Amino acid sequence: MRTKIVLSLLFVLASLIEAQTYPLHGKVIHQEDENPLLGVNVILDQLKVGTQTNLSGEFEFKNVPAGDY
């Protein structure tokens, strides 16, 4: 019985670790004068999601799986 409980806990922990997500945020600025750019579309092609920069040129994605984008 104890072995089944330990194996069950390990399975649950492994699935939680695999399912970890993180926020991804940044700022889009003009290359020459470094002013923030508003309304720029920022897209993560692999995840098929996108967002726009705000008035300060900032953007944020929530719940992004770990990886290289």
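Some observations on this one:
- Consider segment 48-69 and keep the residues that are on the phi < 0 side of the Ramachandran plot and polar (S, T, N, Q). The one that is surrounded by the most Cβ atoms within 10 Å (Cβ to Cβ) is Thr53.
- Pairs with Cβ under 9 Å, 6+ apart, first in segment 49-69 and part of a loop (DSSP other than H, G, I, E, B), second of a type in the set (Val, Ile, Thr): Thr53/Val28; Thr53/Val40; Thr53/Val42; Gly57/Val28; Gly57/Ile29; Gly57/Val40; Ala66/Thr21
- Extreme residue, nearest to Tyr69 (Cα to Cα), among residues of segment 20-41 that are touching a residue at least 40 places away in the same chain (Cβ under 8 Å) and open to solvent by less than 80 Å² (accessible area, probe 1.4 Å): Leu24
The values are calculated or read from the model by the stated rules, or taken from the named source; none is laboratory data. It should be emphasised that the depicted structure is a prediction, and the values quoted were computed from it without experimental measurement. Note that each Cβ is placed from the backbone with ideal geometry, even for glycine, and that neighbours are counted across all protein chains shown. Calculation scope for accessible area: heavy atoms of the full protein, side chains included, ligands and nucleic acids excluded. Shrake-Rupley method; radii C 1.70, N 1.55, O 1.52, S 1.80 Å.
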